[in-house]
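These notes concern the structure reproduced below.
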Amino acid sequence: MNKSYPNTRMRRNRSSNFIRNLIRETSFSVDDLIYPIFVLPGKNKEENIDSMPGKKRYSVDKLLPILEKLHNKGLNAVAIFPVIGNTKKSENAKEAFNPKGLVQSAVKIIKKEYPDLGLITDIALDPYTLSGHDGLVDKNGHVLNDQTVNVLKKQALSHAEAGADIVAPSDMMDGRVLAIRNILEQNKFHDTKILSYAAKYASNLYGPFRNAVESSSNLKESSKETYQMDFANSTEASLEINLDINEGADMVIIKPGLPYLDIVSKIKNKFSIPIFSYHVSGEYSMIKCAALKNYIDEKSSVLEVMHCFKRAGCNAVLTYYTPEIIKWLDEK
Ligand code: PBG
């Protein structure tokens, strides 16, 4: 048969709602969402994040009712990021593995209240170092790989001991997934999952996050290009992901999100491992600020973007828009 006009009219299958619904190739639901949250020490605290309009940092007690509501609506998991305050930061980042530290305590409290809510913790030293880097630095400011991995594995173990379900190394040091896997296995945390930020690019879109966790003033003009990937590279992402799979990662993150969907699609075709995307702070703020000016419609734009993640091959997306998306999906 001649598959050309008028035998084929592409508009036939677009002509009404029912047929568009039937032929849709991907869907997006609450099951695809992970909510990144910023945690403050103390009680009864909530602060606006200037660089991310509409988003706040909360002390754990203030977070609990928010999480309860989202969990009741079907939210599967949250990713916890601590804002510890400058007095707890140090050269050796030892607060990172304090069993009574902010993350460890938050995990214990949240896990006790909502045992079925998946808790993902960030493994990296940037909230804890004076340099604002994800690793320890020598006196010339060089980020030290193996010494950092030694701290990261203690950090990961302390999170697992507190009850974290998934530890997520976002530091981009070499060999950290293997070191974390070994220490978890040795301590019988056989089910603790490693979500590796395997392909994390040195992106300019993390700016609002660094403001949110107050690491930008520590980092100053210094860049993370000696450990995070060059955004001009694609082949290198396959090498990173292959290494992390071999070292024991259970899932991988590709980060940032939307501008890096070519990488998601490529990795999806090449490897058999679940892929998460991180719709990062700069991506959140771009949409939010345009929406606040009424330049774009927030709800339809965000839901479109989420579909694009699924179309590219993501299993789930970390997004600050999680609460809004859950509300919008309910309205549909
Ligand atoms: C650092 C970390 C960063 C993000 C998550 N973990 C920032 C960085 O690498 O400087 C960024 C998240 C975002 O921008 O939303 N370990």
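The values are calculated or read from the model by the stated rules, or taken from the named source; none is laboratory data. Source: prediction; values computed, not measured. So basically every Cβ, Gly included, is an ideal-geometry build from the backbone, and we count neighbours across all protein chains shown. These area figures cover heavy atoms from the full protein model, side chains too; ligands, DNA and RNA do not enter into them. Shrake-Rupley method; radii C 1.70, N 1.55, O 1.52, S 1.80 Å.
Pairs to check: K88/K188; K94/K200; K73/K255; K55/K299; K55/K100. Give those whose C-alpha atoms are more than 19 Å from each other in this structure. Pairs exceeding the cut-off: K88/K188; K94/K200; K73/K255; K55/K100. Region 242-288 and region 179-225 have Cα centres spaced 14 Å apart. Legend: helices of the chain (whole DSSP H runs) are marked when their alpha-carbon atoms reach 24 angstrom or more along the helix axis and their mean Kyte-Doolittle hydropathy is at least -1.0; marked are 145-162. With springs only between Cα atoms under 10 Å, which of L292, L70, L303 fluctuates most in a Gaussian network model of the chain? Looking only at L292, L70, L303, the largest GNM fluctuation is found for L292.
Expressed as a whole percent, the accessible surface of region 28-331 that belongs to carbon and sulfur atoms is 50, based on a 1.4 Å probe.
Computed per residue of the chain from DSSP H runs no shorter than four, each worth -39500 (n - 2.57), the mean residue ellipticity at 222 nm is -12000 deg cm²/dmol. Here the chain yields Rg over Rh of 0.99, to two decimals, using C-alpha coordinates and the Kirkwood radius. Per residue, the accessible area of the chain comes to 48 Å² when a 1.4 Å probe rolls over the protein heavy atoms. Put simply, when 21-33, 75-87 are sorted by average Cβ atoms within 10 angstrom per residue, most first, you get 75-87, 21-33.
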